[in-house]
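Below: the structure, in structure tokens.
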Amino acid sequence: MVDRIPRQGLEKKAILEQMKAYGVNDADWRSGKTWSLVYDAGDDHIAFLKEAHNLYFSENALNPMAFKSLRTMEHEVVRMCAALFNGDGDTVGMMTSGGTESILCAVHAYRERARKSKPWIRRPEIVAPKTLHVACDKAAHYFGIRMRYAGVDENGRADVKELERLIGRNTILVAASAPQYPHGVVDPIAAIGAICKRKKVPFHVDACFGGFILPWIERLGGTFGPFDFRVPGVTSLSADLHKYGYAAKGASVVLYRSMDVMKHQFFIATDWPGGIYASPTLAGTRPGGPIAAAWAALVSLGEEGYLQRARDAWEAAKRLAVGIKAIDGLAIVAEPDCTVVAWMAAPGGPDLYAVADAMQARGWNIDRQQDPPSVHCTVNWKQTQVVDAYLADLRACVAEVRANPNASTEGQAPMYGMMAKLPVRGLVKNGVLKVLEGLYGASPVADPTAAPPGDGLVDKLVAKYGDQAMQLLDRAESVTKRLRRKKS
């Protein structure tokens, strides 16, 4: 472990070899076994993006007047995205480092706007379906805003009537997904937009995950309806270029119908001894490489390139869904609107998490979910090559678990990009905190999920009663959440 700067610099070739060695145990995205996190449009495209990125490796978009090249490319990315999402000449936006920053920027803008237009609001609220990405929850946590969550229907789409009931005098924003990440379905954006238009409440569409796949699937026959600026009530939208836009990490865009809202996103300080400081996003320094690579991705792939990759990925997703439904004991959570397949155990089927563990043992990177227990698969162009292999391993793993009913069934606590094994899914916050402390402490633990901290009585209950105790505790937490929602 390198724990201090070497007295003399090391030889560059040896450094690069050491860096390669660090990646030996990373998720194997190059073979298509990682169903999220990396969006791969092919080796040639990646090599090209690296060249484009490195042309502006050192440039800094903190000062767009010093680096007019970056301002030009960012402006053109925004115009291309505005056209893709059916904006008009008044549509404005910015590039950010990713979906989380895009959502943070939007939430901050709406909070500042409400402070000026509705100063009587002391406890601002955001209304959204419970499937909205947790980045909005994170933004609310940072900016002192209360989240009010509506339920979803049997297909995972926002319950429009419940959402409308939650809108009140403290609502500064309504948000919904296109699509929501867990199950890949698009919320009823047009219906929600009509409500927001009538109630004069801003409406943000989180298209971070699927913004650069839905337009092409719509052209290929998708029937999820308009989700962008075609809906009159939509006032802003976020979409990640580094996902299905096949750009380099990290690149996202946040768009507004007009400057009337986006101007509230800006931070300006005029009294600092260092001079006047103005920042359009959360970041100060804004690396030029991702901006350049995003511009290069859009203009190099073009509509035809995106359409072809979307067609391949969508066909692969449909093939994956059909294959999973054919496996006795499994089902899919919902019929997705795009290239997402989430599968779960059918009634009387095998233990979902035991099957997930068996798949992971075969080298697949598994994204476990909860409510309901399921496994998420994002299908992008790379996964078109591995659907058959995945289905073959899945059939084998289901058979393994059924042959061994005592297979390990530790509860899984989902995090974005990593997993923490904890005894009960519903009682995980303290345990996840310990995992983060282990990962980012002064002496990082190689695998902080391998030996999670004990949970006293919970550990004893699980050790004695196994799944029954876990299910009972989960049901108890579910009842508690419903009671809290009723009180609110």
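Among residues other than Ala331 whose Cβ falls under 15 Å from its Cβ, what is the net charge (Lys/Arg +1, Asp/Glu -1)? If you can, show how the numbers build up before the last one.
On the way: positive: Lys325, Arg395; negative: Glu154, Asp328, Glu335, Asp351.
Value of the local net charge: -2.
Using 1/(1 + (r/R0)^6) with R0 = 22 angstrom and r between the beta carbons of Ala389 and Val24, what's the FRET efficiency to the nearest 0.05? Show your work: numbers first, answer last.
Working: r = 22 Å, r/R0 = 0.99.
The computed FRET efficiency comes out at 0.50.
With no solvent and one point on each alpha carbon, what is the Debye value of log10 I(q)/I(0) for the stretch 1-79 at q = 0.15, 0.19, 0.22 Å⁻¹?
-0.93, -1.05, -1.07
Taking loop as defined by DSSP and a crowding limit of 15 other beta carbons within 10 Å, which chymotrypsin sites (Phe, Trp or Tyr not before Pro) in the stretch 80-183 fit?
Details: sites: Phe85, Tyr110, Trp120, Tyr142, Phe143, Tyr149; in loops: Phe85, Trp120.
Listed in order of number, the matching sites are Trp120.
D for the stretch 52-299, whole µm²/s, Stokes-Einstein with Kirkwood Rh over alpha-carbon pairs at 37 °C and 0.692 mPa s: what number?
Numbers: Rh = 18.2 Å.
For these conditions, the coefficient is 180 µm²/s.
Just add up the charged neighbours of Ala361: K/R +1, D/E -1, any other residue whose Cβ is under 11 Å from the Cβ of Ala361.
Values: positive: Arg362; negative: Asp357, Asp393, Glu400.
Net local charge, Ala361 excluded: -2.
Quick check on my link table: of Lys33/Lys68; Lys12/Lys68; Lys20/Lys382, which ones sit more than 29 Å apart, alpha carbon to alpha carbon? Could you put the intermediate results ahead of the total?
Values: Lys33/Lys68 40 Å; Lys12/Lys68 33 Å; Lys20/Lys382 22 Å.
Checking Cα-Cα distances, Lys33/Lys68; Lys12/Lys68 exceed 29 Å.
For a quick protection proxy, order the peptides 214-224, 350-360 by their average other-Cβ count within 10 Å, most packed first. Could you put the intermediate results ahead of the total?
Details: 214-224: 17.3, 350-360: 22.1.
Descending packing order for the listed peptides: 350-360, 214-224.
How big is the stretch 105-157 along each principal axis, measuring the range of its Cα positions in Å and listing the largest first?
Computed over the stretch 105-157, the largest-to-smallest principal extents equal 39, 19, 14 Å.
Could you tell me what fraction of 2.2 N^0.38 Å the Cα radius of gyration of the stretch 96-186 comes to, as a two-decimal ratio? Mind showing how you got there, number by number?
Values: Rg = 13.1 Å, N = 91, 2.2 N^0.38 = 12.2 Å.
With N residues counted in the stretch 96-186, Rg over 2.2 N^0.38 Å equals 1.07.
Would you give the gap between the C-alpha center of the stretch 262-291 and the C-alpha center of the stretch 5-22, rounded to a whole Å?
Cα centres, the stretch 262-291 to the stretch 5-22: 35 Å.
Restricting attention to the stretch 89-158, which trypsin sites (Lys or Arg not before Pro) occupy a DSSP loop and are surrounded by at most 14 other Cβ atoms within 10 Å? Intermediate results must be reported in sequence, preceding the final value.
On the way: sites: Arg111, Arg113, Arg115, Lys116, Arg122, Lys130, Lys138, Arg146, Arg148, Arg157; in loops: Arg122, Lys130, Arg157.
Those that pass, being in a loop and sparsely packed, are Arg122.
Based on alpha-carbon atoms only, what is the radius of gyration of the stretch 282-393 relative to the globular estimate 2.2 N^0.38 Å? Show your work: numbers first, answer last.
Numbers: Rg = 17.4 Å, N = 112, 2.2 N^0.38 = 13.2 Å.
So the Cα radius of gyration is 1.32 times the expected 2.2 N^0.38 Å.
Values quoted throughout were computed directly from the atomic coordinates according to the rules given, and no laboratory measurement underlies them. Predicted model, so just to flag it, every value in this text is computed and none were measured. Reconstructed Cβ throughout: ideal geometry from the backbone, glycine too, with neighbour counts over all protein chains shown.
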